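Inspection log for the structure reproduced underneath, given as structure tokens.
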Amino acid sequence: MMMGYSYGYGGPLTWLGMGFGMIIQLAFTALVILAVVWMYKAVFRNGNRTEGRNGALEILQTRYAKGEITREEYQQIKKELKE
């Protein structure tokens, strides 16, 4: 009788199957973790960043308040943004 080489419970094919199952489980776990991280970033990334016309108007107002542009420049750019 060959000890340790049976094809029943605990044989080489069973160990191969366990290894493949572990790899699949690790890959699935990694995908779940990556999905959670991606969702977190999608929800909370750049919360203070403004986009679109409203963002441009806010930047314009900030530049005018800092004195970087004149009143005439402010009004002209604001008019162009609203078009």
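Quick note: the coordinates plus some simple rules give every number you see, no bench work behind them. Treat the numbers as computed from the prediction; the structure is a model and nothing was measured. Virtual Cβ from ideal backbone geometry, glycine too; neighbours counted across all protein chains shown.
At Y40 and E72, where each label point lies 7 Å from the Cα along Cα→Cβ, what is the point-to-point distance in nanometres?
Result: 5.3 nm between the two label points.
Where does each of 20-28, 55-63 land if you order them by average Cβ count within 10 Å, highest first?
Peptide ranking by packing, descending: 55-63, 20-28.
How much length is gained on full extension from T62 to T29, taking 0.36 nm per residue of separation minus their Cα-Cα distance? Could the numbers behind the result be given before it?
Numbers: separation 33, 0.36 × 33 = 11.88 nm, distance 4.59 nm.
Between T62 and T29, full extension yields an extra 7.3 nm.
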